[in-house]
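Quick notes on the structure that follows.
The values are calculated or read from the model by the stated rules, or taken from the named source; none is laboratory data. This is a predicted model, so every value here is computed, not measured. Here the Cβ positions follow ideal geometry from the backbone for every residue, glycine too, while neighbour counts run over all protein chains shown.
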Amino acid sequence: MSLKVAILLCDTQIPVLESDYGNFADQAVKLLTTNDHKYSFDVYNAMDLQLPNINELKQYHAIYITGSRSDSYDTSQEWITNTISFLKNVIYHHDYLKIVGVCFGHQLIALAIGMNTGKNNKGWEVGLTEIKVNESIDLFKDKSLNIVEMHQDIAYGDLPIGFTNIGSSSICQYQGFYKFGKLLSFQGHPEFSIDCAELLVKDRVNRGIFDESILNDVKFRGCNLRNDSINLQNIIFKFLNQ
């Protein structure tokens, strides 16, 4: 019997990604599925207040929280505050359950463990980005990793005892959190390909959110940096096997 993962879907379909990449839950399934790793998945639409109940949690090996275009700190949204409370309960009261969070999911984890999130006064972090890795973490073999970023919000504040920062970029201190056998998060998107990132950036250029120069920079880094998505995928699998 395959191990089960509950995916908390935290966004609606992004139109420009639908035909080639699906929604964020589809991308999570692809990230967590290889010939050597075959999990089964249930998707909960967190935006519709769908979350696993106490009895349903018992069937899962892990919970995966997707990205989102929403602001993690928007406490006027019931689904966001509910999801943060849910994660706090899972982190501190369900030791057997592992948690993986990406981008928005990483930020919800930050709030669940008592940190803060908000706009980064240094601006957007977009496209393939080098992060300097915390070499004390046994999951990482390299001193740096390149991951696709797509965020303006960040986690900030004091990291609670028991959790480790996985690394930093030039404009983002907390690129992810780690707790052995319990929690792994990324501010970036290990599930994004370079082409996927470029589609999102082009769409935001067309809608007047990004300047054309940002797209050119993203394309340049996409051609000159290695996307470590396969390495990051293997790191997630190693964590899930702890």
task = Scan region 227-242 and report the pairs whose first residue is at negative phi and β-branched (Val, Ile, Thr) and whose second residue is modelled with pLDDT of 95 or more and part of a helix (DSSP H, G or I), with Cβ atoms within less than 8 Å and a gap of 6+ or a chain change.
result = 236/31
remark   = Filtering region 202-228 for residues that are in contact with a Ser or Thr (Cβ under 9 Å, 6 or more places away or on another chain) and either among the aliphatic types (A, V, I, L, M) or modelled with pLDDT under 95 (or both) leaves a count of 1
message = Please go through region 51-89 and give me each residue that is small (Gly, Ala, Ser) and modelled with pLDDT under 95, ordered by number.
response = none
note = Filtering region 85-119 down to residues that are of a type outside the set (Gly, Ala, Ser), surrounded by fewer than 17 Cβ atoms within 10 Å (Cβ to Cβ) and either part of a helix (DSSP H, G or I) or in contact (Cβ under 8 Å) with a residue 40 or more places away in the chain (or both) yields 88, 89, 92, 93, 95, 116
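Looking at this structure, is residue 98 among the basic types (Lys, Arg) and in contact with a strand residue (DSSP E or B) (Cβ under 7 Å, 6 or more places away or on another chain)?
Criteria met by residue 98.
Search region 127-138 for residues being over 14 Å from residue 227 (Cβ atoms) and among the aliphatic types (A, V, I, L, M), and hand back the single one that is surrounded by the fewest Cβ atoms within 10 Å (Cβ to Cβ). Let's see the steps before the verdict.
Just the residues of region 127-138 that are over 14 Å from residue 227 (Cβ atoms), to begin with: 132-138.
Next cut, among the aliphatic types (A, V, I, L, M) only: 133, 137.
Working: 133: 20, 137: 17.
Among residues in region 127-138 that are over 14 Å from residue 227 (Cβ atoms) and among the aliphatic types (A, V, I, L, M), the one surrounded by the fewest Cβ atoms within 10 Å (Cβ to Cβ) is 137.
Return the residues of region 205-226 that are buried (at least 18 other Cβ atoms within 10 Å of the Cβ) and free of Cβ contacts under 8 Å to residues at least 40 places away in the same chain; say none if nothing qualifies. Break it down stepwise before answering.
Within region 205-226, the first condition is being buried (at least 18 other Cβ atoms within 10 Å of the Cβ), and the residues that meet it are 210, 215, 218, 221-222.
Across region 205-226, the qualifying residue is only 215.
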inquiry  = Among the listed residues 25, 6, identify the single one that is within 21 Å of residue 94 (Cα to Cα), out of contact with any helix residue (DSSP H, G or I) (no Cβ under 6 Å at 6 or more places or on another chain) and aliphatic (A, V, I, L, M).
reply    = 6
